[in-house]
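These notes concern the structure reproduced below.
The values are calculated or read from the model by the stated rules, or taken from the named source; none is laboratory data. Everything numeric in this text was worked out from a predicted model, so none of it was measured. So basically every Cβ, Gly included, is an ideal-geometry build from the backbone, and we count neighbours across all protein chains shown. We work out accessible area using only protein heavy atoms, side chains counted, and drop any ligands, DNA or RNA first. Shrake-Rupley method; radii C 1.70, N 1.55, O 1.52, S 1.80 Å.
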Amino acid sequence: MELPETDKKGSQPESDTAIARSLTRRYAVALLLVASLASAAWLSLKWVISEQTSTAAIVNVSGRQRMLSQRTALFSNLLRTAPAAQLPAIRANLEEAIALMARSHSGLVQGDETMGLPGRLSPAARALYFDGPQALDLQVKAYISAVQRLLQRATSPAQPDDPDLAFVTQTATGPLLQALDNMVLLHQQEGETRVSQLQRLETLFWLLTLLLLGLEAALIFRPVTRYVQRMIGQLQLANLKLQRQQDQLADLVQQRTHELQLRADALAESEEKFRLISTAADEAVLIIGPDDKLVYCNPAAERLSGYSQQALLGQAIYQTLMPAYLRDNADIGPVHSQAPQANALPGRHMDAMARRQNGSEFPVSMSLSSIQLGQTWHTLAILRDISHQKRVESELRIASTAFNVQMGMAITDAKNVILRVNKAFTDITGYRPDEVLGRNPNLLSSGRHDKAFYQTMFESIAQTGMWAGEIWNRHKDGGIFPEWLTVTAVKDEAGVITNYVSAFSDISERKAAENQIRSLAFYDPLTDLPNRRLLMDRLELAMMVSSRTNQCSALLFIDLDNFKSVNDTLGHHVGDDLLRQVAKRLSATVRSNDTVARLGGDEFVIMLESLGDNASDAAQQADTIGQKVLATLDHDLEFSGVRFHSTASIGVAMFCGLGESIDELLKRADLSMYEAKAGGRNALRFFDPQVQAAVEAKAAMEVALRLAIEQGQLVVYYQLQVDARGLPVGAEALVRWMHPQRGLVSPLEFIDLAEQSGLILPLGAFVLDTACQQLATWHRDPELAHLTLAVNVSAKQFHQTHFVDEVLTTLLRTGADPNRLKLELTESLLVDNINDVIVKMKSLKTLGVGFSLDDFGTGYSSLAYLSRLPLDQLKIDQGFVRDMQTSDQAAAICAATIGLAHSLKIKVVAEGVETEAQRYFLSDLHHCDMLQGYLFGKPMPIDDFESAAMRLIA
């Protein structure tokens with residue numbers, strides 16, 4: 001398109017406005033077309049996303065149909081195999097699954113907005129659903145009907161030959177799964193085809209958009225360029241006219257310049273006079289314009305502020321000398337704002353703060369007045385630095401304040417005559433000013449310091465100009481108190497001492513606090529005996545002395561017997577009284593050079609030093625003193641009318657020379673003390689290396705056991721349990737340790753250690769997991785599926801908060817039948833929180849897990865427990881079984897236990913059966929339900945166990 005040209009006479013066939021409107025319309029039309037195509041492309045993209053979402057929903061629901069068919073088949077099969085107690089829960093799960101399957105099928109055929117399913121089917125999908133005798137709709141409905149018929153029958157377990165059960169679990173599952181898989185595949189292929197078509201349509205829209213943009217460039221931007229070129233020509237013509245007008249203006253300016261030059265010469269003369277005056281002035285002279293900007297400053301202003309003249313001129317005074325945060329101190333604005341009304345204002349004086357270029361602030365005295373320069377009023381400011389004046393004033397105020405601080409102060413002349421004291425002097429010493437003025441400070445002397453002390457003080461003042469230190473002085477009432485004194489000499493310009501200034505403070509409270517801190521740091525606050533820290537220091541020194549002199553010493557570790565019961569029954573205040581009395585008795589028992597210390601709680605330590613260089617004699621002396629301590633503490637004590645018998649256990653560790661560390665020595669004494677407690681208490685034991693070796697072996701065993709659990713060295717053995725006919729009915733899972741060097745380690749060596757160290761938790765979890773896996777394996781073997789498996793559970797393991805959840809998780813993970821699992825509990829587990837035990841047992845009982853009470857009769861057996869606990873079995877301890885043939889009492893206990901259990905509807909397992917006579921007595925005579933022992937088989941690996949069980953079954 002071509003724009004109209006200007007004709008030869010300069011006429012313009014088409015106005016600039018018309019051209020602009022034409023271009024605007026074309027651009028708007030093109031923009032509308034581009035927007036339309038872009039919107040179409042965006043809608044295509046939205047259709048693609050919508051189609052992908054619908055396809056995903058269809059495929060998801062179709063896949064869920066496949067999962068639901070398998071789930072309903074699983075639950076239908078459980079109707080045949082599960083116990084009657086579990087049938088209601090299984091039926092509820094089956095009803096929920098088949099209802100969801102019916103809803104999903106209806107949504108796929110008819111559509112369901114809540115599931116994101118469209119209400120349409122492609123011809124191919126409709127043919128798959130409805131055409132032919134194998135149509136998917138017919139198969140699904142037949143499958144749902146068969147399951148619903150199963151659910152409508154009685155609540156008893158389904159019969160194996162039930163035709164509907166056979167149809168669900170065998171006939172319909174295979175063809176139905178294949179049809180569902182075909183349906184999923186068809187929906188995926190159709191969805192991908194529709195998405196591909198929409199994506200091609202989207203690409204077409206974007207290509208049309210790009211084509212339209214190219215046409216826009218050709219039909220709009222080229223005419224715009226020609227229009228701009230014509231406008232440039234018109235601007236050049238206007239520029240020629242403007243040049244002629246500028247020449248005329250230059251002539252006029254030259255004339256006016258000459259007139260102004262005459263005036264400038266007169267003004268320059270006046271300014272020179274002002275410059276000479278202001279340059280010679282010591283004060284800073286500033287001229288500030290109406291806009292607060294400096295128009296003049298003299299050299300003194302540069303010296304005062306540190307700014308150069310170039311940096312000050314043209315800058316607002318509030319940006320340089322007086323920044324915004326100092327404006328409250330110097331409000332200059334009102335001076336010149338009022339000047340036009342008054343012609344000239346009288347001067348105004350004020351003190352303010354100013355700022356130098358380096359950022360430092362300093363005080364100034366300002367004199368402000370108004371002056372007129374030309375037609376404009378300005379402010380004339382004269383600034384003088386008053387830093388020295390302010391500093392002198394401040395020092396006077398500080399000196400006055402400092403003299404009246406909390407510290408006592410006294411000023412004397414060169415002859416040490418008191419000239420002045422402050423109020424704190426009177427408060428500390430008790431002397432009024434009129435009682436000390438004109439006197440010597442030695443009136444405060446306490447008499448504790450000799451002449452040499454004061455001579456050293458004045459020598460220091462003469463040499464260094466001051467002395468500071470701690471001194472004891474006397475109060476007016478005669479009391480002596482400590483103070484911290486600083487004496488400073490004041491000299492004149494010639495260096496001659498004219499005065500002495502003394503400053504002091506009463507440090508009585510600080511000294512008391514220091515003593516208290518030292519006592520708290522090194523002494524027990526309850527008994528006033530040395531604490532652990534002071535004992536360690538003295539013990540270290542004693543060992544060094546022993547090493548140097550070869551003298552033997554002893555460490556007695558003392559622990560009160562049954563002290564906890566005193567606190568629990570009589571209260572902690574009585575316990576504290578007991579500890580104080582024990583401390584007094586121990587201190588009275590030993591020599592003056594021995595140390596009695598309290599480590600904490602009811603633990604005391606006596607350190608006996610210098611017992612001689614003969615180890616045997618030293619040990620004899622330590623034993624004598626230890627026995628004396630036992631006798632001293634073995635007495636009745638009375639607290640608040642209550643009598644209490646106190647005893648102690650003592651462990652003794654000897655040291656001769658520097659052979660052991662402090663920690664090792666304390667550990668030996670502590671170990672010996674525990675040996676004394678284990679031996680019956682109220683006893684004394686010397687350190688035994690064999691006991692130490694046993695402790696170290698136990699520690700090493702704990703480390704090895706922890707490693708064994710981590711590295712899988714533990715294995716599970718199985719011991720047969722048989723019924724009265726001798727047929728296997730179950731087994732007990734028993735853990736064994738297959739040590740890489742020692743071979744098979746008996747549980748007697750590590751079970752107690754595992755209990756004490758907490759390793760029983762991962763160990764018990766391993767046994768439970770292994771047992772459940774084995775139950776799942778047996779369930780697939782018809783000849784072994786009836787076997788139950790007993791697993792021992794420790795008290796610590798059972799009392800875990802999440803124990804029930806852990807058992808349930810293990811059963812679900814392994815697929816074990818909970819009805820074949822029995823947990824064996826010890827009677828010691830019933831001591832703590834019996835109600836919590838019952839709750840957990842009942843929770844597991846609802847799952848089908850059984851319970852057996854192990855080692856019955858050896859612990860805390862109670863008929864009340866037996867009547868409340870949901871037990872399935874009692875296990876007679878093997879000790880009673882072993883002693884039956886030699887002890888009438890053991891035989892009676894076994895017979896009574898069987899009778900008691902049967903009366904409570906609880907079965908009985910006798911363990912430790914090793915002879916035919918024991919079997920006959922327990923099974924034939926007293927009808928014991930199950931037997932376990934070496935007579936039927938030792939604990940053995942799983943392969944050997946299964947072989948033995950199969951032989952008995954055959």
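Any idea what the dipole of the range 791-926 comes to, in debye rounded to 20, about its Cα centre with Lys/Arg Cβ at +1 and Asp/Glu Cβ at -1? Could the numbers behind the result be given before it?
Values: 13 positive and 17 negative charges, 111 e Å.
Computed about the Cα centre, the dipole is about 540 debye.
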The extension gain from ALA699 to GLU96, computed as 0.36 nm times the residue separation minus the Cα-Cα distance, is 211.5 nm
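To the nearest 0.05, what FRET efficiency results for ASP623 and HIS739 with a Förster distance of 30 Å applied to their C-beta separation? Spell out each step's value before the answer.
Details: r = 42 Å, r/R0 = 1.39.
In this case the efficiency is close to 0.10.
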Residue-normalised value, i.e. accessible area per residue, for the range 404-513 at 1.4 Å probe, in Å², stands at 57 Å²
Label-point separation, ALA468 to ARG448 (7 Å along Cα→Cβ), nm: 2.0 nm
Ordering TRP467, TRP472, TRP42 by how much accessible area each has at a 1.4 Å probe, largest first, what is the list? TRP42, TRP472, TRP467
Dipole magnitude (debye, nearest 20) for the range 404-513, charges at Cβ of Lys, Arg, Asp, Glu: 160 debye
Just the number please: accessible area per residue for the range 736-833, 1.4 Å probe, all protein chains included, in Å². 46 Å²
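Could you work out the local net charge near PRO870, counting Lys and Arg as +1, Asp and Glu as -1, over the other residues with Cβ closer than 15 Å to its Cβ? Each step should come with its number before you reach the end.
Details: positive: LYS822, LYS840, LYS842, LYS845, ARG868, LYS905, LYS907; negative: GLU824, ASP836, ASP872.
For residues surrounding PRO870, the net value is +4.
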Spatially proximal lysines relative to LYS698 (Cα-Cα < 17 Å; intrachain offsets below 8 disregarded): LYS667
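Give LYS796/LYS845; LYS451/LYS491; LYS796/LYS907; LYS822/LYS938; LYS564/LYS796; LYS677/LYS822 a once-over and call out the pairs whose C-alpha atoms are over 28 Å from each other.
On the way: LYS796/LYS845 20 Å; LYS451/LYS491 25 Å; LYS796/LYS907 26 Å; LYS822/LYS938 20 Å; LYS564/LYS796 23 Å; LYS677/LYS822 39 Å.
LYS677/LYS822, as the Cα separations exceed 28 Å there.
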Using a 7 Å offset from the Cα along the Cα-to-Cβ direction at both LEU212 and ILE834, what is the distance between the two label points in nm, to one decimal? 8.8 nm
How much FRET efficiency would the formula 1/(1 + (r/R0)^6) give for ARG149 and ASP805, where r is the Cβ-Cβ distance and R0 is 35 Å, rounded to 0.05? 0.40
Share of accessible surface on carbon and sulfur in the range 523-687, whole %, 1.4 Å probe and ligands ignored, is 47 percent
Of the options GLY680, ASN473, PHE945, report the single residue whose Cα projects farthest towards the positive end of the charge dipole of the chain (beta-carbon charges: Lys, Arg +1; Asp, Glu -1). ASN473
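Return an integer: the convex hull volume of the alpha-carbon atoms of the chain, in Å³ per residue.
Values: hull volume 435.3 nm³, N = 954.
Taking the convex hull of the Cα positions in the chain, it is 456 Å³ per residue.
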Using a 1.4 Å probe over the heavy atoms of the protein chains, calculate the carbon and sulfur portion of the accessible area of the range 854-954 as a whole percent. 52 percent
Using 0.36 nm per residue of separation minus the Cα-Cα distance, give me the extension gain between ARG510 and GLN372 in nm, one decimal. 42.6 nm
Can you give the Kirkwood hydrodynamic radius for the range 527-617, in Å, rounded to one decimal and based on Cα pairs? 14.3 Å
Extension gain (nm, one decimal) between LEU541 and THR647, 0.36 nm per residue minus Cα-Cα: 35.1 nm
Under a point spin-label approximation (7 Å from Cα along Cα-to-Cβ), what is the SER106-PHE130 distance to one decimal in nm? 1.8 nm
Share of carbon and sulfur in the accessible heavy-atom surface of the range 404-513 [1.4 Å probe, %]: 54 percent
If you put +1 on each Lys and Arg Cβ and -1 on each Asp and Glu Cβ, how big is the dipole of the chain around its Cα centre, in Debye rounded to 20? 3080 debye
Centre separation in Å (Cα based) which lies between the range 287-310 and the range 721-783: 99 Å
State the Cα centre-to-centre distance between the range 895-926 and the range 437-476 in whole Å. 99 Å
LEU904 accessible area, nearest 10 Å², 1.4 Å probe? 70 Å²
Where a Cα-Cα gap under 12 Å defines reach, which aspartates and glutamates qualify for LYS390, not counting those fewer than 8 residues away within the same chain? ASP351
Could you give the accessible area per residue of the range 523-687, probe 1.4 Å, as a whole number in Å²? 46 Å²
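What does the net charge come to around LEU237 if you take all other residues with beta carbon closer than 14 Å to its beta carbon, with K and R at +1 and D and E at -1?
Details: positive: ARG230, LYS241, ARG244; negative: none.
Residues close to LEU237 contribute a combined charge of +3.
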Can you tell me the equivalent ellipsoid semi-axes for the range 404-513? Use √(5λ) from the Cα gyration tensor, largest first, whole Å. 22, 17, 13
What lysines does LYS423 reach when the alpha-carbon gap must be under 20 Å and sequence neighbours fewer than 8 apart in one chain are set aside? LYS476
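To the nearest 0.05, how large is the calculated FRET efficiency for THR777 and GLU755 if R₀ is 45 Å and r is the Cβ-Cβ distance? Present the calculation step by step, with values, prior to reporting the outcome.
Numbers: r = 30 Å, r/R0 = 0.66.
Computed FRET efficiency for THR777 and GLU755 comes out at 0.95.
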Area of LEU240 that stays accessible when all protein chains are in place (1.4 Å probe, Å², to 10): 110 Å²
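Please report the antiparallel percentage of DSSP beta bridges with both residues in the chain, rounded to the nearest 5. It would help to have the intermediate numbers written out before the result.
Numbers: 96 of 123 bridges.
Beta bridges within the chain, antiparallel portion: roughly 80 percent.
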